[in-house]
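Just below is one structure, and these are the notes that go with it.
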Amino acid sequence: MTTEAIKSEIESGSAIVGIEFGSTRIKAVLIDSTNAPVAQGSHTWENQLVDGLWTYSTEAIWYGLQDCYAQLRKNVLEQYEVEIESLAAIGISAMMHGYMPFKGNDILVPFRTWRNTNTGKAAAELSELFNYNIPLRWSISHLYEAILDNEEHVKDIEFLTTLAGYIHWQITGQKVLGVGDASGMIPVDPKTKTYDATMVEKFDKLIAPKGFEWKLLDILPKSLNAGENAGFLTPEGANRLDVSGHLKAGIPVCPPEGDAGTGMVATNAVKQRTGNVSAGTSSFSMIVLEKELSKPYEMIDMVTTPDGSLVAMVH
């Protein structure tokens, strides 16, 4: 496309913004109607070790998002001399797994990222209970470890999500998650494309003696496939994203996904019998399967594509 054609697309609200929260950088990319990247912005950040756990503060999350978007806006102004006011869609993705429990809008403990390895006992017990490999970094491992450790906050949990799910909730009001990211909370049934009902039932039975007022499905985000309605940018969300005030509310926002799903889409490895290799903060390979494995393997983590096909991930 010519510069004038791209400018026209931006002015008409036909472009799309994707924002990814990586471990060391937050990236924003503007693409045109041919899916070609036409502008970008970024923000560098680092996790902090607080009380023995790796975390990013909510202040760092929002400052990073706003700075990243501001850099994208600046890049658009420099190249095309136009403001971003509307978009065809916005998509949020972020590092998968981890633990963000909330009561109302208040986070109960600092965000526990995928890097934390304090969940060994929980992951081992759940792997045996489910007959399914449950990695240390999965949200269910963090939740059960907090229960095993008798952490006071657990009884107060009203909502549990991932980083992408948190950002999406705050800018749309919707407590949802793309199925690929959801599969890093608790295993997903490839037939129903949502949380495995048998495992959910087993977990609820396991923790029943604790007497919590919630059951697992009460606190998890709704799992959505790519393309499903995940809500729209609210006026408050638009202001939190673009502090300059130019971005308008009402833009559709895609189901929030994990970085693994982003990589699969970016490398065109979403179909069954395709795969990709990612060399980022962690290195892993992913193969999209035709059917479930015959048995669990400790070295193979099972997640899904953004449309719900099973994926074997090896770190």
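In this structure, is residue 125 open to solvent by 10 Å² or more (accessible area, probe 1.4 Å), free of Cβ contacts under 8 Å to residues at least 24 places away in the same chain and within 22 Å of residue 199 (Cβ to Cβ)? Full working, then the answer.
Numbers: open to solvent by 10 Å² or more (accessible area, probe 1.4 Å): yes; free of Cβ contacts under 8 Å to residues at least 24 places away in the same chain: yes; within 22 Å of residue 199 (Cβ to Cβ): yes.
Spelling it out, residue 125 is indeed open to solvent by 10 Å² or more (accessible area, probe 1.4 Å), free of Cβ contacts under 8 Å to residues at least 24 places away in the same chain and within 22 Å of residue 199 (Cβ to Cβ).
Out of (1) touching a Phe, Trp or Tyr at 6+ places or on another chain (Cβ under 6 Å); (2) open to solvent by less than 10 Å² (accessible area, probe 1.4 Å), the odd one out for residue 7 is which?
Failed condition: (2).
Restricted to region 10-19, and to residues that are in contact with an Asp or Glu (Cβ under 9 Å, 6 or more places away or on another chain) and open to solvent by 30 Å² or more (accessible area, probe 1.4 Å), which residue is farthest from residue 113 (Cα to Cα)?
11
Select, from 243, 277, 288, the only residue that is in contact with a Leu (Cβ under 9 Å, 6 or more places away or on another chain) and modelled with pLDDT of 90 or more.
Answer to the selection: 288.
Of everything in region 153-199, what is assigned to a helix (DSSP H, G or I), farther than 23 Å from residue 90 by Cβ and open to solvent by less than 10 Å² (accessible area, probe 1.4 Å)? Give them in sequence order.
154
In the set 34, 24, which member is out of contact with any Gly (no Cβ under 8 Å at 6 or more places or on another chain) and touching a residue at least 40 places away in the same chain (Cβ under 8 Å)?
Going through 34, 24 in turn, the sole match is 24.
Yes or no: region 10-20 includes at least one residue that is under 17 Å from the mean Cα position of the chain (by Cα) and farther than 27 Å from residue 266 by Cβ.
No; the residues of region 10-20 include none that is under 17 Å from the mean Cα position of the chain (by Cα) and farther than 27 Å from residue 266 by Cβ.
Tell me, which residue of region 290-312 that is hydrophobic (A, V, I, L, M, F, W, C) and buried (at least 19 other Cβ atoms within 10 Å of the Cβ) is nearest to the chain's Cα centre (by Cα)?
Looking at residues that are hydrophobic (A, V, I, L, M, F, W, C) and buried (at least 19 other Cβ atoms within 10 Å of the Cβ), I get 303.
So residue 68 fits all but one of (1) open to solvent by 20 Å² or more (accessible area, probe 1.4 Å); (2) closer than 22 Å to residue 244 by Cβ; what number is the exception?
(1)
Could you tell me which residue of region 219-243 is nearest to residue 103 (Cα to Cα), considering only residues that are over 19 Å from the mean Cα position of the chain (by Cα) and among the charged types (D, E, K, R)?
Among those that are over 19 Å from the mean Cα position of the chain (by Cα) and among the charged types (D, E, K, R), it is 236.
Under the condition of being in contact with a Pro (Cβ under 9 Å, 6 or more places away or on another chain) and open to solvent by 10 Å² or more (accessible area, probe 1.4 Å), which residue from region 20-47 is farthest from residue 243 (Cα to Cα)?
Residue satisfying both the conditions and the ranking: 31.
To keep it simple, each residue is scored yes or no on (1) modelled with pLDDT of 95 or more; (2) open to solvent by 10 Å² or more (accessible area, probe 1.4 Å).
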position: 51; (1), (2): no, yes
position: 57; (1), (2): yes, yes
position: 73; (1), (2): yes, yes
position: 84; (1), (2): yes, no
position: 89; (1), (2): yes, yes
position: 100; (1), (2): yes, no
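The values are calculated or read from the model by the stated rules, or taken from the named source; none is laboratory data. If you're wondering where the values come from, they're calculated on a predicted model, not measured in any experiment. Cβ atoms come from the backbone with ideal geometry, glycine included; neighbour counts cover every protein chain shown. Areas reflect the complete protein model, heavy atoms only, side chains present, ligands, DNA and RNA absent. Shrake-Rupley method; radii C 1.70, N 1.55, O 1.52, S 1.80 Å.
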